[in-house]
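Notes follow the structure.
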Amino acid sequence: MSKDEKYLTFALTKGRLADKTLALMDKIGITCTEMQNKDSRKLIFVNEELKLKFFLAKGPDVPTYVEYGAADIGVVGKDTLLEEGRRAYEVLDLGFGKCRMCVCGPREASELLKHREMIRVATKYPVIAKDYFYNRKHQTVDIIKLNGSVELGPIVGLSDVIVDIVETGSTLRENGLTVLEEICPLSARMIVNQVSMQMESKRINDIISKLKEALKTSEKQEVK
Ligand code: PRP
């Protein structure tokens, strides 16, 4: 690696997605020992040998860092990509963080969905909800933005239904709610800044193909 090679910077989504991403990177020989110290409050980590930098960010900020080129590469959930609508190339489905974006509510609410009634929809994802109801279902709805624990919406009478992520379904079950309609499947995606993709195409494509190989191998191991 030449001395004046530029750093490639990764923006990772804090939490489980970052942990899984680092485990996958490790498989292709990209390690960042500095990042394994969970007690550290440091925000940016460097691998001098490979000329790589990593930082952790809140999910919705990852596509922003990538669009503006503050990070060359990002790892973020498809839900966040759809919601934020930032400019970046989506290059790889990492296959983990699998879940579904769904319309959920009490079972009775399915009638309201069938008859295109004017209903209230609580969600952390107003862009996704709007697109689904307006463009796909042609149903006019009132969308109410919440910041978390969205399942409360129908329980306390704020909304008729919610649009939210369902992974195991246990949050719904424990709160007497159910999936009424599925909007789309979700998983973690790798995104790349559009300029970086041109300027650093060799290094980035090399990382992408190694990751694809590693994903294939781990899929095969899972099948066995
Ligand atoms: C997410 C999502 C659901 C829950 C689904 O919430 O909004 O509430 O996970 O998972 P499950 O189907 O496995 O129960 P998160 O934990 O991210 O917190 P939030 O409610 O504050 O958004």
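Some notes on this structure:
- Looking only at the stretch 203-219, residues that are under 18 Å from the mean Cα position of the chain (by Cα) and open to solvent by less than 10 Å² (accessible area, probe 1.4 Å) come to 1 in all.
- Residue in the stretch 134-157 that is more than 20 Å from the chain's Cα centre (by Cα), more than 9 Å from the ligand (Cβ to nearest atom), acidic (Asp, Glu) and within 14 Å of Pro106 (Cβ to Cβ) present: no
- Scanning the stretch 24-58 for residues that are closer than 26 Å to Gln221 by Cβ, surrounded by fewer than 12 Cβ atoms within 10 Å (Cβ to Cβ) and not polar (S, T, N, Q) yields a single hit, Gly29.
- Asp61 meets each of the listed conditions (1) surrounded by 15 or more Cβ atoms within 10 Å (Cβ to Cβ); (2) in contact with a Gly (Cβ under 9 Å, 6 or more places away or on another chain) apart from (2).
- Checked against (1) under 22 Å from Leu12 (Cα atoms); (2) in contact with a helix residue (DSSP H, G or I) (Cβ under 9 Å, 6 or more places away or on another chain), Ile183 passes all but a single condition, namely (1).
- Which numbered condition Ala71 fails, given (1) in contact with a helix residue (DSSP H, G or I) (Cβ under 9 Å, 6 or more places away or on another chain); (2) open to solvent by 30 Å² or more (accessible area, probe 1.4 Å); (3) not β-branched (Val, Ile, Thr): (2)
- Between Glu200, Glu167, Glu151, the distinction of being surrounded by fewer than 18 Cβ atoms within 10 Å (Cβ to Cβ) and either in the same structural domain as Leu92 (by TED's automatic domain parsing) or charged (D, E, K, R) (or both) belongs to Glu167 only.
- Unmet requirement for Thr168, which otherwise passes all of (1) more than 22 Å from Ala188 (Cα to Cα); (2) among the hydroxyl-bearing types (Ser, Thr, Tyr); (3) within 15 Å of the ligand (Cβ to nearest atom): (1)
- Residues in the stretch 16-43 that are at pLDDT 90 or above and not in a helix (DSSP H, G or I): Ile28, Gly29, Ile30.
- Single residue of the stretch 181-197 satisfying the filter (farther than 18 Å from Val76 by Cα and surrounded by fewer than 19 Cβ atoms within 10 Å (Cβ to Cβ)) that is farthest from the chain's Cα centre (by Cα): Val195
- Any hit, the stretch 95-114, residues being open to solvent by 30 Å² or more (accessible area, probe 1.4 Å), within 16 Å of the ligand (Cβ to nearest atom) and of a type in the set (S, T, N, Q): no
- Leu12 vs. criteria open to solvent by 40 Å² or more (accessible area, probe 1.4 Å) and not in a helix (DSSP H, G or I): no
The values are calculated or read from the model by the stated rules, or taken from the named source; none is laboratory data. This one's a predicted model, so the numbers in the text were calculated from it and none came from an experiment. When we count neighbours, we look across all protein chains shown, and the Cβ atoms used for this are built from the backbone with ideal geometry, even at glycine. Each accessible area value is taken on the protein alone, full model and side chains, heavy atoms only, with ligands, DNA and RNA left out. Shrake-Rupley method; radii C 1.70, N 1.55, O 1.52, S 1.80 Å.
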